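Shown next, in structure tokens, is the structure this report addresses.
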């Protein structure tokens, strides 16, 4: 079986593809030249330049916003960029001293509150001890009176006799 094409083509497929690409490129160049001559390309170029200017303006606005946000003290504290700021670098030792003093102040305040709580608790316990002491003294006084002793002795069946002589005070 012989092929129906009797013509011999000396070009390879790759060469044919390259020739087709070159022809397509020439067509595009001719079309672009016609656009330039008619003025359509100038309008497209102007639109592209305007779009580039707008994009550049948007990028600049975004950068300005970013710079303003970075300049805010809260953002600098939050992000840690405050350490990069030159005005803060000069005063950084003062900031550390202030932070340490604040920490010490808080520590002293909590220590004082804890001491006050302990003092209040000890004071309440002292009140209870004093009240108990007063009650015990009252009980002791009630049990050591002459009448209380006489009643206790009578209950036990012992007679108490008072001395016949009156008491004399001995002076030195």
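The values are calculated or read from the model by the stated rules, or taken from the named source; none is laboratory data. Not measured: the values here are computed from a predicted model. Backbone-built Cβ (ideal geometry, glycine too); neighbour counts: all protein chains shown.
Things to note:
- Filter result for the condition that a residue is modelled with pLDDT of 75 or more, closer than 30 Å to residue 96 by Cα and either not in a helix (DSSP H, G or I) or not assigned by TED's automatic domain parsing to the domain that holds residue 96 (or both), over 37, 67, 51, 76: 67
- All of 149, 106, 96 fail the test of being over 30 Å from residue 72 (Cβ atoms) and either in contact with a strand residue (DSSP E or B) (Cβ under 6 Å, 6 or more places away or on another chain) or surrounded by 10 or more Cβ atoms within 10 Å (Cβ to Cβ) (or both), apart from 149.
- Some residue of segment 111-127 being modelled with pLDDT of 90 or more and under 30 Å from residue 32 (Cβ atoms): no
- Any chance residue 93 is out of contact with any helix residue (DSSP H, G or I) (no Cβ under 7 Å at 6 or more places or on another chain) and at pLDDT 90 or above: no
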